[in-house]
Structures are given as C-alpha cells and as structure tokens.
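A short write-up of the structure that comes next.
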Amino acid sequence: MSLLIKNGTVINAEETRQADVYCENGLIKAIGHDLDVPENTEIIDAAGQYIMPGGIDPHTHMQLPFMGTVATDDFYTGTAAGLAGGTTMIIDFVIPAPGENLLDAYNKWMEWAQKAAGDYSFHVAITWWDETVSADMETLVRDHGVNSFKHFMAYKNAIMADDEILINSFSRSLELGAIPTVHAENGELVFNLQQEMMDRGITGPEGHALSRPPQVEGEAVNRALRIAEVLKVPIYVVHNSCKEALDEITRARSQGQRVFGEVLASHLLVDETVYQNEDWETAAAHVMSPPFRSSEHQDALWKGLQSGNLHTTATDHCCFCAEQKAAGKDDFRLIPNGTAGVENRMEALWTHGVNKGRLTMNEFVKVTSTNAAQIFNIYPRKGSVSKGADADIVIWDPKAKKTISAKTHHQNVDFNVLEGMEVTGIPSHTISAGKVVYANGELKAVKGAGKYVNRPPFADYFEAQRLQTESTKPVAVKRK
Ligand code: URP
Ligand code: ZN
Ligand code: ZN
Ligand code: ZN
C-alpha cells in the first residue's frame, strides 16, 4: 500500500516545486527529496511530468432518472471514465421528485453510488417545500456530510423551484452553513418560448437553443443573486454559459457579494452551430441546458475564468444515447437534456487553457480542483498535493497527445461533443486513495473502491459573511 512518485514537478494552486511524493495507506505521507520509503514501495518515475491534485468535477449526474429515461453512465462507469481523465472525485446530485422525502432520495442515491470507482459526494436538490424539507435539510447537513443544496430555476412542471422555494431554502441553507447553488434559467420563459417554437413549426433540436436564449439565463442569475444578496447568503451558480450570466456574477462580486461561478468545459469549447446540423441525431446529441452559445460567449467565459470571476470547471456529465435522444424526434421538448464530458474536462482545459496562455498551470489546478475543494469545504484533504491529504493525484504528461473520440473514450455513451479534438497534455497516471487506477492508457478502476466524502458545513466564507451581516444589521429607531 505504498507508492513513491519520483522526479516530477509538484503543481499546487499556490506553488510549483520539484519534489518526490510518497503515499501510504491512501494518504500523502511525505513530500521532498531522498525520502525514506519501505523496500517494497511501488515507484513511478515522473521525470518531465507534473504531479497535480486529482481533478474534482463538482457537477455530474450518474444514472440520473430524467425526462422519462435514465442517464447511461452509472456510478461505476462514470467515475471510472473520470479516473481515465485525471478526475478523482465527483460531486453528483440527489434530486428528490417534488413531494419525495429528502432522506429517502439521499439513501437511494447513496445505494446507487456504492459501485463508484472514485470518491464522490452529493449536493441535494430542493424541488419542493414544507416543514419536513426544512427539517431534513438539517439532518442531511448534521448527519450526512451535505453542505450544498441545489435549485433548478428551470424545468417547469417537473423539478423547478419558484421564488418562494428559493427564499425558504436559501434562508435555511444560511442557518445550516450550507451553500445554495442554482441552475439559473427562467423556467417560465423557457416554457413559453418552447411553445412558441412549436407553434412556428420548429420541432427540431434548434428549437431547444432558440427557447433558451442568453437573456433567459441572465435574468435567472440576476434574480438568484439578488435574492441571495437580500438574504445575505453566499451562493454558487452552476454551468454559466453566457456573457449575460457572467456579467451578473462579475457585478455582484465587484459589489462585495460572496458569489461563486462554475463553467463547463463544453460551454468553453462547443458553439451553437451544432444545433443547425442537418443530421437530426448529431444536433440532438448536443441538447443540454443551458445550450451551447456563440464564440463571443465562449471568449467571455474564458476571460471570466482568467479573471477569477468564475471559479470552477465542471462537466454536467449526463449521458444519453441516440435511442434515448430519439424520444424527441418530433418535439425537441422531449429530447433528454444532457451531454457527457467527465473524462475529457482536464485535457481539454489544459490544451485550450494552459497551452494557449489563458491559464497558468497553478490556475489550472485551481479551476479543476482546489477551488471546488475550498468552496465545498473539503480542502486541503482534497484539492492539494500536501502532507496528510488524500492521495488523489494525477501525473500529467504535458507533451503526450491524443484525439478525443467516442470510439475510444471510457464513457458509456455513443457520442462525444469534443469528437476529433486533438489534445496535448494528458494524464499518464491517475492515483486514487494511493492506488494506481490508470496508467499509460490502461484503466484499472475498481468497482466500489470509491468512498463517500463528508463535507462539513460552515466553510470559512460563512464566518466572513456573518461578520459582514452583523456589522450592517438593521436597527429600530428609538422613540419616546
Ligand atoms: O442538460 C442538462 N444540463 N442536464 C442535466 C440536468 C441539469 O440541468 O443540470
Ligand atoms: Zn528527489
Ligand atoms: Zn442544470
Ligand atoms: Zn446538471
């Protein structure tokens, strides 16, 4: 159970240094030179390579029951694909149906996740409200390591949270030291525009994008941020896809609000022309929410990452095969929303981020791992190559190349939105809990080896928020 990674360069969010890394019993035991290690220690020579914290994908949906079907990557195949791409932890979503007990849903997802090959944790969605939901949120935080609650502002007549739910749940989250997160699209507007497109005879996948324009997202981001501002709650916005969303986050942050933003690798790299494809299957394979946008939005998102107004990169990994997408053959509203990506996030970001000078290597580590660990309060156990941290490590070969393809990926789906992309800079090895689970093209993922990661409440920014709130609290006028 011991492993020594020699001759590499350690890249953390805050430092770059030449050092060897010694792992024992799932943890990083020592970092330095000429380390004393037991005789039978496995050795990896990482000369010319980078030793980085394993990636954390804070937004995936393995085997999600959604839109009448179930996502095809389960917790084993999905986490294994992640390991092949250097991602050693996912934060997935428990999504109770409206009216469903939160703990029942949590237990159901936990059971599904027992087969995970890499570490995992859960955000829990708030899709309805009553006193039991409020009480169960506390149980989830206190007893089950949940410190984030998700709100879908879209998907009307399904899992959409209206303003009343947002306000109740954001307030409760603040009390519990858990961060509210939002999928920000105005669900009423989407519903209305979808009907309009159908009335116009636009039944194909292009109708999906046309019914979710950037304004729909910008409005919802603004609304969520303003509600959070009034309630004095930190907030995290998932999958920002456009300039309108980013502008709201940038504005709020510049005004001192505690806001975190996520961007998907696919939104940085895939553009809206995919919906014009004359092949229905190809266009439908790209149906996800929010939809892909024009290059102007992609440029803005890259700058958002570079400037630090966007903090994390994710994938929203949610796989549906062609026969599942075909449910919406005559009505784009029935195409299950979602695309894959957990395997390719890091290599795509390295290639288009680091190799193009948009991100330094340290910034790459921040946006693929460390920031997620800090925001979701599991740092430095995760998100850092440091003594005492979990031995979740990716050894990165900056010169190695490959071409991304559905023919060779490990994701259990027949399509890859990055098909044909040549990447330079890929993992040579992935280490999960001190074990080599991927080595030079060979995946050695072990079903069930992944562990649930408890995330404690009250990340440090809650104390900052509390102090700020305390100093500006409203007072009554004293009258005789
Ligand atoms: O289209 C998407 N993103 N599907 C997964 C559910 C969600 O909205 O994140
Ligand atoms: Zn040395
Ligand atoms: Zn979403
Ligand atoms: Zn999602």
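No value in this document is a laboratory result; all are computed from the given coordinates. Predicted model, so just to flag it, every value in this text is computed and none were measured. Here Cβ is always computed from backbone atoms with ideal geometry, including for glycine, and neighbour counts include all displayed protein chains.
Odds and ends about this structure:
- With respect to being away from ligand 4 (no atom under 16 Å from the Cβ) and touching a strand residue (DSSP E or B) at 6+ places or on another chain (Cβ under 8 Å), residue 147 fits the description.
- Note on segment 382-404: among residues that are over 19 Å from residue 5 (Cβ atoms) and of a type in the set (D, E, K, R), the one that is surrounded by the most Cβ atoms within 10 Å (Cβ to Cβ) is 402.
- Test: residue in segment 105-115 that is touching a residue at least 40 places away in the same chain (Cβ under 8 Å), of a type in the set (A, V, I, L, M) and not in a loop (DSSP other than H, G, I, E, B): yes
- The numbered conditions (1) buried (at least 18 other Cβ atoms within 10 Å of the Cβ); (2) more than 14 Å from ligand 1 (Cβ to nearest atom); (3) within 29 Å of residue 287 (Cα to Cα) are all true for residue 182 except (2).
- Residues of segment 87-105 satisfying the condition of being crowded, with 18+ Cβ neighbours inside 10 Å and either of a type in the set (D, E, K, R) or in contact with a Phe, Trp or Tyr (Cβ under 7 Å, 6 or more places away or on another chain) (or both): 89, 90, 91, 92, 93, 94
- Consider segment 143-172 and keep the residues that are aromatic (Phe, Trp, Tyr) and within 11 Å of ligand 1 (Cβ to nearest atom). The one that is nearest to the chain's Cα centre (by Cα) is 152.
- Options 299, 330: the member that is within 21 Å of residue 206 (Cβ to Cβ) and away from ligand 4 (no atom under 16 Å from the Cβ): 330
- Residue in segment 128-145 that is surrounded by 24 or more Cβ atoms within 10 Å (Cβ to Cβ), of a type in the set (Val, Ile, Thr) and either in a helix (DSSP H, G or I) or at negative phi (or both) present: yes
A quick yes/no check of all residues on (1) over 30 Å from residue 336 (Cβ atoms); (2) of a type in the set (Val, Ile, Thr); (3) exposed (fewer than 14 other Cβ atoms within 10 Å of the Cβ):
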{"residue": "30", "(1), (2), (3)": "yes, no, no"}
{"residue": "41", "(1), (2), (3)": "yes, yes, no"}
{"residue": "60", "(1), (2), (3)": "no, yes, no"}
{"residue": "63", "(1), (2), (3)": "no, no, no"}
{"residue": "73", "(1), (2), (3)": "no, no, no"}
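- For beta carbons closer than 6 Å, sequence separation of 6+ or different chains, a first residue in segment 284-310 that is in contact (Cβ under 8 Å) with a residue 40 or more places away in the chain and a second that is of a type in the set (Phe, Trp, Tyr), the qualifying pairs are 285/415.
- Qualifying residue in segment 31-38 (condition: over 20 Å from residue 437 (Cα atoms), among the β-branched types (Val, Ile, Thr), away from ligand 1 (no atom under 16 Å from the Cβ) and touching a residue at least 60 places away in the same chain (Cβ under 8 Å)): yes
- Within this structure, residue 388 fails the test of being touching a residue at least 24 places away in the same chain (Cβ under 8 Å), in contact with a Ser or Thr (Cβ under 6 Å, 6 or more places away or on another chain), at positive phi and away from ligand 2 (no atom under 16 Å from the Cβ).
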